[in-house]
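Q: One structure, pasted below without further comment.
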Amino acid sequence: DNDSDDDDDKESEDYALEFATMDDALQFCEEGILGAVVQQDHQLAERHGFFDTPQLKACREGYFVAKSVERGSVLFNRGESANGLYVVDSGRVDRIDSLRQWTGGSIFGVDAFITNKPYTYTAKAARRSKLFYLSQASFERMKEEHPELAIKLQEALLTHVVASPV
């Protein structure tokens, strides 16, 4: 009977994880939970996300650049010149001066991109994230090469700005 208790202790020791900080442990748990739904989130973002029309998918494929960023990466700082906008494919980005968060299918940096003024907040990756980035230069190129796509993108961005919470 005593031997079975020892076996139970050995078995549980085999599965123990240690973390340097509580933040690391919480991040591990969040990523484990979210990892279980990443595929579902990605499918939902494809169906209901920003790139939900053939024209917007063409914009993404021809002019947006896919970027992978690590947790803690600052994408831009408040006051910096707006050089582009981002669409979250997976992961999460936080606005560090508020509770605002962006996840799959969300767009951020749009206000500064449209007005060509500096960013009004700092955006930081809350976890490893995959983003699509559109630079001002790529947008200008789109306007020259495919003006009809640029118009569709502008319409979608304006719709997003009007529908987004503050």
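The values are calculated or read from the model by the stated rules, or taken from the named source; none is laboratory data. Since we're looking at a predicted model, the values are computed, not measured. Quick reminder, even Gly has a Cβ in these numbers, built from the backbone with ideal geometry, and neighbours come from all protein chains shown. Accessible surface areas use protein heavy atoms only, side chains included; no ligands, DNA or RNA. Shrake-Rupley method; radii C 1.70, N 1.55, O 1.52, S 1.80 Å.
Q: Name the single residue, out of those in the range 89-106 being of a type outside the set (A, V, I, L, M, F, W, C) and within 21 Å of V65 (Cβ to Cβ), that is surrounded by the fewest Cβ atoms within 10 Å (Cβ to Cβ).
A: Within the range 89-106, the match that is surrounded by the fewest Cβ atoms within 10 Å (Cβ to Cβ) is T103.
Q: Let me ask another. Going by what's in this entry, would R127 be described as open to solvent by 20 Å² or more (accessible area, probe 1.4 Å), closer than 20 Å to A66 by Cα and more than 11 Å from the chain's Cα centre (by Cα)?
A: Answer is no for this residue.
Q: Are any residues in the range 50-82 outside any loop (DSSP other than H, G, I, E, B) and closer than 18 Å to K143 by Cα, and if so, which ones?
A: Listed by number, the residues that qualify are P54, Q55, L56, K57, A58, C59, R60, E61, G62, Y63, V65.
Q: Can you tell me which of (1) open to solvent by less than 80 Å² (accessible area, probe 1.4 Å); (2) at pLDDT below 85; (3) farther than 22 Å from L158 by Cβ is the one V69 doesn't meet?
A: Failed condition: (2).
Q: Using the structure shown, decide if L149 is closer than 23 Å to R78 by Cα and either part of a helix (DSSP H, G or I) or in contact with a Gly (Cβ under 8 Å, 6 or more places away or on another chain) (or both).
A: The answer is no for L149.
Q: For the range 81-117, what are the residues that are more than 11 Å from Y133 (Cβ to Cβ), of a type outside the set (A, V, I, L, M, F, W, C) and either at pLDDT 95 or above or touching a strand residue (DSSP E or B) at 6+ places or on another chain (Cβ under 8 Å) (or both)?
A: S90, G91, R92, D94, R95, R100, Q101, T103, G104, G105, S106, listed by residue number.
Q: Check the range 107-117 and report whether any residue there is over 21 Å from C59 (Cβ atoms) and either without any contact (Cβ under 8 Å) to a residue 60 or more places away in the chain or open to solvent by 10 Å² or more (accessible area, probe 1.4 Å) (or both).
A: yes
Q: Do we find that L85 is part of a strand (DSSP E or B), over 14 Å from H160 (Cα atoms), open to solvent by less than 60 Å² (accessible area, probe 1.4 Å) and not charged (D, E, K, R) in this structure?
A: No; evaluated as a whole, the condition is false for this residue.
Q: What number of residues within the range 88-106 satisfy the criterion of being without any contact (Cβ under 8 Å) to a residue 12 or more places away in the chain and either assigned to a strand (DSSP E or B) or touching an Asp or Glu at 6+ places or on another chain (Cβ under 6 Å) (or both)?
A: Residues flagged as without any contact (Cβ under 8 Å) to a residue 12 or more places away in the chain and either assigned to a strand (DSSP E or B) or touching an Asp or Glu at 6+ places or on another chain (Cβ under 6 Å) (or both) within the range 88-106 amount to 0.
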